[in-house]
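Below is one structure, written out as structure tokens; the observations come after it.
The values are calculated or read from the model by the stated rules, or taken from the named source; none is laboratory data. The structure displayed is predicted, hence computed values, not measured ones. Neighbour counts are summed over all protein chains in view; Cβ atoms, including those assigned to glycine, are modelled from backbone coordinates with ideal geometry.
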Amino acid sequence: MSDTVLRPAATASRGGPRSPLMEQYRRIKVEHADALLFFRLGDFYEMFFEDATLGARLLGLTLTSRNKQDPEPIPMCGLPWHQRDVYVGRLLRMGRKVAICDQLEDPIAAKGLVQRGVTEVFTPGSVVGESFLEPATNNFLAVLWPAAAGLGLCLVEASTSEVRLAECAWADAAELLSGLTVAEWIAPEPARLPEDLCARCEALLEGCSGSRTFVPLEGYLDLAPLLSRWNEGASALGDVPLAQAAAAGALAYLDRVQGAAALASPLVSRLVDERTLRYDAATARHLEIFQPQPGGEPAHTLWHHLNLAVTGPGARRLRSWVERPLADETALGKRQQAVQEWITAAVERGSFRDTLRGFPDLERLASRLALGRATPRDLGALRDALQRLPAIAEPLVRRGGEVAASSALLQAGIPELEPTLRAALVDEPPPTVREGGMVRAGFDEHRDRLDQLAHSGKRWIAELEAEERERTGIASLKVGYNRVFGYYLEVTRAHLEKVPADYERRQTLTGAERFVTPGLKAKESEVLGAERKLEAREQELFVELRDRAARHVPQLQRIAGALAGLDAEATLAETAARYDWVRPALDGSDRLRIADARHPVVERLLPRGEFVPNQVELDGTRRQILLLTGPNMGGKSTYLRQVALCVLLAQAGSWVPATTAEIGLVDRLFTRVGASDRLGAGQSTFMVEMRETADILRAATPRSLVLLDEIGRGTATYDGLALAWAVTEHLHASSGPRPRTIFATHYHELTQLAETLPRLANVHVMVKEWGDGLVFLHRIAEGAADRSYGIHVAQLAGIPGPVIARAREVLRELESERTVEHLSARAGRPIVRRDDRQQALFDAAPHPIEETLREVDPERITPLEALELVVEWKRRWGA
């Protein structure tokens with residue numbers, strides 16, 4: 001993570017006086033000290049001084065120097081101008097910022113030093129160009145405002161003008177931020193903050209991915225631009241003053257780096273509310289929702305299999321539904337109804353998805369329009385999209401229902417804009433304004449006259465070559481053009497004696513001479529003047545056209561949002577149909593009943609039909625906690641994850657992998673599955689486990705779903721057992737959170753809790769012993785497992801035979817309660833005494849039969865003596 005401070009700071013000076021060019025560079029660099037400055041020199045962008053050293057290292061460029069004879073030459077590296085965006089994209093992905101300094105005038109026409117200035121600033125969280133963005137992923141800028149009362153947050157997606165606001169108490173801030181995927185974090189300059197707030201802010205950002213920028217405090221305090229520009233969006237700021245300050249800071253920062261009035265028509269919403277299911281970063285990591293575990297592959301994630309969207313906006317909308325599932329029954333019912341309609345309309349769904357392939361990203365295009373960054377090709381894409389919308393919407397509107405309501409916006413289109421774009425733009429507009437040739441003939445009379453003049457002059461010049469060949473008798477004479485000398489007549493040296501008197505020598509080459517005539521000079525002036533005027537007129541017309549389109553940005557955003565929603569709904573329907581998922585029944589109860597639940601990812605990775613489905617039944621009054629026991633490799637973790645993913649999918653509006661599902665809406669989803677450490681933060685596996693468990697115990701409610709796997713395994717056995725026991729009791733207690741819980745464990749002692757905790761039930765993973773081996777059935781059944789089969793699993797993993805044999809011997813000794821000292825002595829190892837503090841929590845006084853058995857040697861006792869023992873035991877304790 002790179003840290004930068006957004007304030008002027010002079011570039012280090014080396015040596016004595018510098019050239020005017022270097023002085024120009026340093027003046028510009030002072031204004032953009034936090035960015036790598038790409039300085040245009042001819043056909044290259046150059047970096048100098050510290051930027052050159054850093055840029056060469058990051059980009060693998062050759063580091064050279066300017067003024068090599070100087071005692072202190074200036075470090076320098078460069079890249080071709082046409083490859084600029086490739087290198088900028090690489091730097092942005094590294095969390096760096098780039099300022100583009102271009103030549104503001106034609107070097108040929110310039111008198112003295114070419115005027116230069118910064119035309120664009122790229123930062124990881126503020127870019128809007130499609131070449132720097134992933135189509136299916138949002139690119140968020142997060143702006144923080146720390147205050148004594150809590151933390152304000154403004155989350156901005158600059159490429160789509162989405163704004164999400166939140167504020168929270170400091171106790172909840174870490175959880176809020178940890179669940180965000182952010183490209184760039186913005187915070188006030190530490191020097192301007194009270195020391196305690198500075199420390200809190202730094203602690204929050206520690207470990208968060210994304211670059212960091214510290215900006216002047218004043219931007220957070222100026223609310224005038226915010227309230228004047230946001231119109232309807234400003235109403236969302238009324239009761240969140242901390243978020244309001246963060247939003248002002250976001251606006252000030254974006255105005256500066258984008259060089260224009262940013263977020264003119266934002267789509268403002270609240271980041272967190274009671275209508276969403278919340279889950280933290282640990283849960284997302286454990287469930288591999290978007291990112292695989294270290295060493296995993298994208299195919300191991302839920303997102304890989306769920307994202308069948310055909311457009312970038314549709315994929316981003318679907319991702320937002322998975323990131324923020326609903327917890328509101330009415331809203332979920334509406335979304336489910338739309339998905340159901342798409343499932344029923346299979347033919348229309350297929351046609352709709354085919355039609356959308358290659359459709360432009362209207363959300364990001366609208367943002368570029370609002371910023372004045374749209375290109376001729378963008379406007380051409382907008383024109384084509386508006387032309388296609390009615391045909392896309394018509395069959396959907398005819399069907400009626402929820403889908404029709406969203407499709408009505410598409411059918412209406414923007415009739416005030418589409419005909420103008422069609423009349424103004426050529427069929428294939430160029431990618432940039434500089435290339436010209438973007439305005440269609442017949443749209444503007446003045447432009448057409450200039451075009452005719454320019455082209456008639458070019459025709460005259462082309463005809464001149466034939467005329468001069470005939471007049472001079474020089475068959476090889478030709479007319480040419482270059483930017484330095486303009487148009488010329490070229491004659492080879494062999495024919496110089498035939499050159500007429502009115503030819504004026506312009507340039508001498510090795511094998512030829514170049515000439516001009518008075519008539520050619522006059523026509524050249526006329527042609528080039530017409531071309532410059534034509535270029536200026538086309539640029540003027542384009543800017544007017546772009547401004548006209550920008551006035552329709554709010555309408556375009558609504559159309560883009562409707563289209564993204566339709567694509568996301570159709571994607572959920574496609575997923576349900578393709579994977580044979582079912583519609584879950586959702587309500588406000590505390591039930592969780594899923595029949596034949598399957599893991600949506602593991603099922604896809606196995607051959608068809610091999611995945612073993614399972615049932616789950618939980619409720620808050622009878623089966624609040626399921627204690628799951630069984631061997632490793634039996635499927636306990638998969639079972640936990642599939643239950644969590646089924647709930648998450650259902651509340652995102654998706655169908656679920658099961659035969660039936662009844663789900664009482666969940667407000668918080670917690671998982672503590674798998675082992676991991678955070679060495680960079682100085683946290684062991686056990687510390688990470690305990691922190692995550694502490695978060696669960698603190699935040700869970702009766703409407704939450706908690707899934708725990710092997711709590712306490714990272715420490716001494718009895719410490720871990722004691723913690724697991726206490727956690728289970730706390731989750732069950734009437735005064736505790738009482739969430740619906742599934743707890744997978746190898747601590748078989750915990751199964752005794754079913755005798756004292758009425759809402760706890762034991763379930764286990766079924767296995768079958770086959771000789772010395774083990775067959776995993778992957779089936780969940782009622783009751784507790786009789787043992788963990790750890791030695792069997794070790795044998796399957798390839799542990800050497802002698803080790804397995806010794807382990808079986810040790811296990812038999814332990815199960816007969818032989819002491820550790822005895823085991824060590826028999827193995828010929830030093831005796832290691834157990835710490836008195838590690839005495840079993842649940843040891844009872846030994847039974848007299850156990851004492852007798854310890855003294856009996858089976859190899860020496862006779863059958864009669866053994867029978868007498870049994871008779872004695874029967875007499876004393878068998879009655």
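If only residues of the range 296-343 that are within 24 Å of Val156 (Cα to Cα) and charged (D, E, K, R) are counted, the one that is surrounded by the fewest Cβ atoms within 10 Å (Cβ to Cβ) is Glu323. The number of residues in the range 724-736 that are out of contact with any Lys or Arg (no Cβ under 9 Å at 6 or more places or on another chain) and at pLDDT 90 or above comes to 7.
Just for the range 126-145: of the residues that are of a type in the set (Phe, Trp, Tyr) and under 15 Å from the mean Cα position of the chain (by Cα), which one is nearest to Arg84 (Cα to Cα)? Ranking the candidates gives Phe132 first. Scanning the range 484-534 for residues that are in a strand (DSSP E or B), over 19 Å from Glu463 (Cα atoms) and small (Gly, Ala, Ser) returns a single hit, Ala512.
Condition check ((1) within 19 Å of Val114 (Cα to Cα); (2) acidic (Asp, Glu); (3) surrounded by fewer than 15 Cβ atoms within 10 Å (Cβ to Cβ)) across all residues:
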residue: Arg26; (1), (2), (3): yes, no, no
residue: Leu36; (1), (2), (3): no, no, no
residue: Met47; (1), (2), (3): yes, no, no
residue: Asp51; (1), (2), (3): no, yes, no
residue: Pro73; (1), (2), (3): no, no, yes
residue: Tyr87; (1), (2), (3): no, no, no
residue: Leu91; (1), (2), (3): no, no, no
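Scanning the range 41-75 for residues that are closer than 19 Å to Ala99 by Cβ and of a type in the set (A, V, I, L, M) yields Leu41, Met47, Ala52, Leu54, Ala56, Leu58, Leu59, Leu61, Ile74. Taking residues in the range 727-740 that are in the same structural domain as Leu757 (by TED's automatic domain parsing), and partners anywhere that are modelled with pLDDT under 90 and of a type in the set (S, T, N, Q), the pairs with Cβ atoms closer than 7 Å and at least 6 places apart or on different chains are Val727/Thr693.
Restricting the search to helices (runs of 4 or more DSSP H) fully inside the range 362-421 and requiring at least 2 residues that are at pLDDT 90 or above and under 25 Å from Ala158 (Cβ atoms) gives 362-371, 376-399.
Conditions (1) modelled with pLDDT of 95 or more; (2) basic (Lys, Arg); (3) farther than 23 Å from Glu189 by Cα, marked per residue:
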| residue | (1), (2), (3) |
| --- | --- |
| Ser2 | no, no, no |
| Ala10 | no, no, no |
| Ser13 | no, no, yes |
| Arg18 | no, yes, yes |
| Phe38 | yes, no, yes |
| Ser65 | no, no, yes |
| Ile74 | no, no, yes |
| Val98 | yes, no, no |
| Leu104 | no, no, yes |
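Results for (1) at pLDDT below 90; (2) assigned by TED's automatic domain parsing to the domain that holds Ile461; (3) of a type in the set (D, E, K, R), shown as yes or no for each residue.
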{"position": "Phe485", "(1), (2), (3)": "yes, yes, no"}
{"position": "Lys498", "(1), (2), (3)": "no, yes, yes"}
{"position": "Phe515", "(1), (2), (3)": "no, yes, no"}
{"position": "Pro518", "(1), (2), (3)": "yes, yes, no"}
{"position": "Leu534", "(1), (2), (3)": "yes, yes, no"}
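Tallying residues that are free of Cβ contacts under 8 Å to residues at least 24 places away in the same chain and outside any helix (DSSP H, G or I) within the range 331-361 yields 1. Scanning the range 742-755 turns up one or more residues that are in the same structural domain as Leu708 (by TED's automatic domain parsing), out of contact with any Cys (no Cβ under 6 Å at 6 or more places or on another chain), acidic (Asp, Glu) and within 25 Å of Pro702 (Cα to Cα).
Kindly list the number of the only condition in (1) among the small types (Gly, Ala, Ser); (2) surrounded by 15 or more Cβ atoms within 10 Å (Cβ to Cβ); (3) out of contact with any Lys or Arg (no Cβ under 9 Å at 6 or more places or on another chain) that fails for Gly720. Going through the list (1) among the small types (Gly, Ala, Ser); (2) surrounded by 15 or more Cβ atoms within 10 Å (Cβ to Cβ); (3) out of contact with any Lys or Arg (no Cβ under 9 Å at 6 or more places or on another chain), Gly720 breaks only (3). In the condition set (1) outside any strand (DSSP E or B); (2) at pLDDT 90 or above, Gly78 is compliant with all but (1). With respect to Ser525, is the statement that it is of a type in the set (Ser, Thr, Tyr) and touching a residue at least 24 places away in the same chain (Cβ under 8 Å) true? No; evaluated as a whole, the condition is false for this residue.
Say we look at the range 130-162 and pick out the residues that are surrounded by 24 or more Cβ atoms within 10 Å (Cβ to Cβ) and among the β-branched types (Val, Ile, Thr); which of these is farthest from Leu226 (Cα to Cα)? Only one residue fits best here, namely Thr160. Within the range 593-646, the set of residues being of a type in the set (S, T, N, Q), in contact with a Lys or Arg (Cβ under 7 Å, 6 or more places away or on another chain) and surrounded by 23 or more Cβ atoms within 10 Å (Cβ to Cβ) comprises Asn614, Gln642. Scanning the range 746-800 for residues that are assigned to a helix (DSSP H, G or I), at pLDDT 90 or above and either more than 26 Å from Gly720 (Cα to Cα) or out of contact with any helix residue (DSSP H, G or I) (no Cβ under 7 Å at 6 or more places or on another chain) (or both) gives Thr751, Gln752, Ala754, Glu755. Checking each residue of the range 222-230 against the condition of being polar (S, T, N, Q), loosely packed, with under 14 Cβ neighbours inside 10 Å and over 25 Å from Leu133 (Cβ atoms) gives at least one match.
Inspect all residues belonging to the range 186-204 and state whether any of them is touching a Gly at 6+ places or on another chain (Cβ under 9 Å), among the charged types (D, E, K, R) and not assigned by TED's automatic domain parsing to the domain that holds Ser320. The answer is no; no qualifying residue exists. Determine if the range 492-502 includes at least one residue that is surrounded by 16 or more Cβ atoms within 10 Å (Cβ to Cβ) and more than 60 Å from the chain's Cα centre (by Cα). The answer is yes; a qualifying residue exists. Scanning the range 730-745 for residues that are β-branched (Val, Ile, Thr) and in a loop (DSSP other than H, G, I, E, B) yields a total of 1.
Residues are listed down the side, and each one gets a yes or a no for (1) surrounded by 13 or more Cβ atoms within 10 Å (Cβ to Cβ); (2) touching a residue at least 24 places away in the same chain (Cβ under 8 Å); (3) touching an Asp or Glu at 6+ places or on another chain (Cβ under 6 Å):
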| residue | (1), (2), (3) |
| --- | --- |
| Arg377 | yes, yes, no |
| Leu382 | yes, yes, no |
| Leu386 | yes, yes, yes |
| Leu410 | yes, yes, no |
| Gly413 | yes, yes, no |
| Arg447 | yes, yes, no |
| Leu453 | yes, yes, no |
| Arg469 | yes, no, no |
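Taken over the range 344-360, the criterion of being surrounded by 14 or more Cβ atoms within 10 Å (Cβ to Cβ) and aliphatic (A, V, I, L, M) is satisfied by Ala345, Leu356.
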